[in-house]
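Just below is one structure, and these are the notes that go with it.
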Amino acid sequence: MQILPAIDLRDGKCVNLVQGIAEQETVFSDSPVDMAKRWQAEGAEYLHLVDLDGAFQGESANLHIVQEIVDVLDIPVQLGGGIRNMEQLEAVLALGVHRAILGTAALKQPSLVKQACEKHGERIAVGIDAKDGMVATHGWLEVSQKSAVEFAVEMAGVQTLIYTDIKSDGMLKGPNTEATSDIVNAVSADIIASGGVTSLTDVEALKKIGASGAIIGRALYTGDLALCDAIATAR
């Protein structure tokens, strides 16, 4: 299992939101590029970037920072947030981002996912963000009538799915392993779990249910979890 440190970008800074709520923001660094270098230096093999401005507004506002991060790192990065059409997707991949994550667009326009996968294969991931088991979109501001498991099954052909349990996100109380396990068991895709990973026990639990990766955000920034320990446990 792979550990992916998260860098959430908002107004050019590295931040973290509790349960995705814009008003519950903590700024952890004014320099996301330095933070990216730090995680690579501490052993990260892959970096998870979220463009929160893009997620809320539907168009990216931090691509220049993403470009800087890609340029200074030797490890691959994935980016989600506000990629809602083929043009935005192509622009993101052109920066050298290894994997682009479609979330809102995947639910609203399944044909976009099919087209993107046909053209870019493993460089396309789908983000499934769920609240009480139902898929949420538009920066988690809208909750759909579709269950996360049903949506995961519909995304057949996508190699990587990123499952985020919104209620766990930023809470430092552990991931929703039961809901994550339901997704892992429903599909053959690689499932990267996100939301609430706080301890080595959490990492072990996700590994045990068959998650291929775990995204860790707030716990790394608060010092609740050391990246090197998480990586060692995941291996």
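The values are calculated or read from the model by the stated rules, or taken from the named source; none is laboratory data. These numbers come from a predicted model, not from an experiment. Positions of Cβ are backbone-derived with ideal geometry, glycine not excepted, and every protein chain shown enters the neighbour counts. These accessible areas exclude ligands, DNA and RNA; they are computed on the full protein's heavy atoms, side chains included. Shrake-Rupley method; radii C 1.70, N 1.55, O 1.52, S 1.80 Å.
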Response to the item:
When the charge dipole of the chain is computed with +1 at the Cβ of Lys and Arg and -1 at the Cβ of Asp and Glu, the Cα pointing farthest to the positive end, of Ser181, Gln145, Gln109, is that of Ser181
Practice prompt. Assign one of three labels to the range 1-45, namely rounded, prolate or oblate, based on the Cα gyration tensor with a ≥ b ≥ c the square roots of its eigenvalues; rounded applies when a/c is under 1.5, prolate when it is not and a/b is larger than b/c, and oblate otherwise.
Written response: oblate
Worksheet item: Label-point separation (nm) for Val72 and Leu200, each offset 7 Å from Cα along Cα-to-Cβ?
Response: 3.0 nm
Worksheet item: Of the heavy-atom accessible surface of the range 86-235 (probe 1.4 angstrom), what whole percent is carbon and sulfur?
Response: 48 percent
Item to complete: Mind jotting down the distance between the C-alpha centroids of the range 198-235 and the range 44-105, whole Å?
Response: 23 Å
Discussion item. Taking θ = phi - 60°, what integer Hz values does the Karplus form 6.51 cos²θ - 1.76 cosθ + 1.60 yield along the range 116-124, in sequence order, with x for Gly and Pro?
Written reply: 5, 5, 4, 8, 10, x, 5, 7, 10
Practice prompt. Please give the net charge around Ala116, taking every other residue with its beta carbon less than 13 angstrom from that of Ala116, where Lys and Arg add +1 and Asp and Glu add -1.
Written response: +1
Worksheet item: Counting Lys and Arg as +1 and Asp and Glu as -1, each charge on the Cβ, what is the dipole of the chain about the Cα centre in debye, to the nearest 20?
Response: 360 debye
Response to the item:
Expected vector for the range 160-171, Karplus 3J(HN,Hα) from phi with 6.51, -1.76, 1.60 and θ = phi - 60°, integer Hz, x for Gly and Pro, equals 10, 10, 10, 9, 10, 8, 4, 5, 7, 5, x, 8
Worksheet, complete the sentence: Applied in sequence order to the range 83-96, the curve 6.51 cos²θ - 1.76 cosθ + 1.60 (Karplus, θ = phi - 60°) yields integer Hz couplings, x standing for Gly and Pro, of 8, 10, 8, 5, 5, 5, 4, 4, 5, 5, 5, 5, 6, x
Fill in: Computed FRET value (nearest 0.05) for Ser31 with Met171, which takes r as the C-beta separation and R₀ as 30 Å
0.70
Worksheet, complete the sentence: Probe 1.4 Å, heavy atoms of protein chains only: per residue, the accessible area of the range 90-233 in Å² is 42 Å²
Practice prompt. With a ≥ b ≥ c taken as the square roots of the eigenvalues of the C-alpha gyration tensor of the chain, please select rounded if a/c is under 1.5 and otherwise prolate if a/b is larger than b/c or oblate if it is not?
Written response: rounded
